[in-house]
Amino acid sequence: VPEKLRSMLERLLSEEQGDRGSSEDLAAELRDWVDPGPTPGAATATSPRIAHNLTPREDRFVGRSEELAQLGHLLGKPDPVTIVAFGGAGKSRLAHECARRRLRHFPGGAWFVDLTGVPASDGEAAAVRLLDAVARAVGLREPERTSLLEALEERLSAGPSLLVLDNCEHLAPAC
């Protein structure tokens with residue numbers, strides 16, 4: 001039995017319900033393992049296109065099924081989620097993969113916002129730079145008749161949305 005399938009079966013048959021993850025996550029993981037399918041977010045006959053800027057997967061995502069299940073569960077709640085680990089541990093890739101797999105749960109869209117190049121600053125300057133980076137990620141241009149914040153609120157009000165703020169530790173107060 002392939003390792004990936006064995007791992008999924010072990011989780012499914014776990015005596016601890018919390019270790020199993022959701023049936024939706026397990027089904028998505030199984031679908032991805034059997035047939036990676038079209039680029040995430042692409043329209044199909046049964047699902048409308050969901051706006052996103054998530055990059056296509058260049059290779060198979062192997063392992064970390066427990067972390068994906070835990071993160072997927074946390075994304076089902078209204079609270080912000082933070083992934084903390086040392087540099088190079090794969091936090092960004094894990095966040096990207098989870099966002100891809102959970103895309104259908106965010107009909108308002110899902111956007112990855114890389115804040116690496118945003119200069120560190122304090123107070124209002126940090127908030128403005130963060131707002132600009134998020135607006136660029138969701139494809140907004142400077143609106144003519146409203147503030148950037150109002151335009152962003154309108155864009156994200158289409159339904160539940162996911163914003164993945166990557167590398168924001170230097171902007172933590174603004175995040």
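Measure of size requested: the Rg and Dmax of the stretch 62-175, with Cα atoms as the atom set and Å as the unit; please supply both.
14.8, 48
Once label points are set 7 Å from the Cα along Cα→Cβ at both Val62 and Thr146, what is their separation, rounded to one decimal in nm?
Computed distance between label sites Val62 and Thr146 equals 4.7 nm.
Given a Förster distance of 25 angstrom, what is the FRET efficiency for Val128 paired with Asn53, based on the Cβ-Cβ distance and rounded to 0.05? Walk me through the numbers before you get to the answer.
Numbers: r = 21 Å, r/R0 = 0.84.
Step by step, r from the Cβ atoms, then E = 0.75.
Order of 52-64, 103-115, 123-135 by packing, highest average Cβ count within 10 Å first? Write out the running numbers ahead of the final one.
On the way: 52-64: 13.1, 103-115: 18.7, 123-135: 15.8.
Top of the packing list down: 103-115, 123-135, 52-64.
If contacts are Cα pairs under 8 angstrom and at least 6 residues apart, what is the relative contact order of the stretch 119-175 in percent?
54 percent
Between Arg136 and Ser157, what length comes free when the chain is fully extended (0.36 nm per residue of separation minus the Cα-Cα distance, one decimal in nm)?
Values: separation 21, 0.36 × 21 = 7.56 nm, distance 1.67 nm.
Extra length from Arg136 to Ser157 when fully extended: 5.9 nm.
Relative contact order for the stretch 77-173: what percent, with Cα pairs under 8 Å and sequence separation of 6 or more? Please list the in-between numbers first.
Values: 88 pairs, mean separation 38.8, N = 97.
For the stretch 77-173, the relative contact order is 40 percent.
Values in this text are rule-based calculations from the coordinates and carry no lab data. Here the structure is a predicted model, which is why all the values come from computation and not from measurement. Cβ atoms come from the backbone with ideal geometry, glycine included; neighbour counts cover every protein chain shown.
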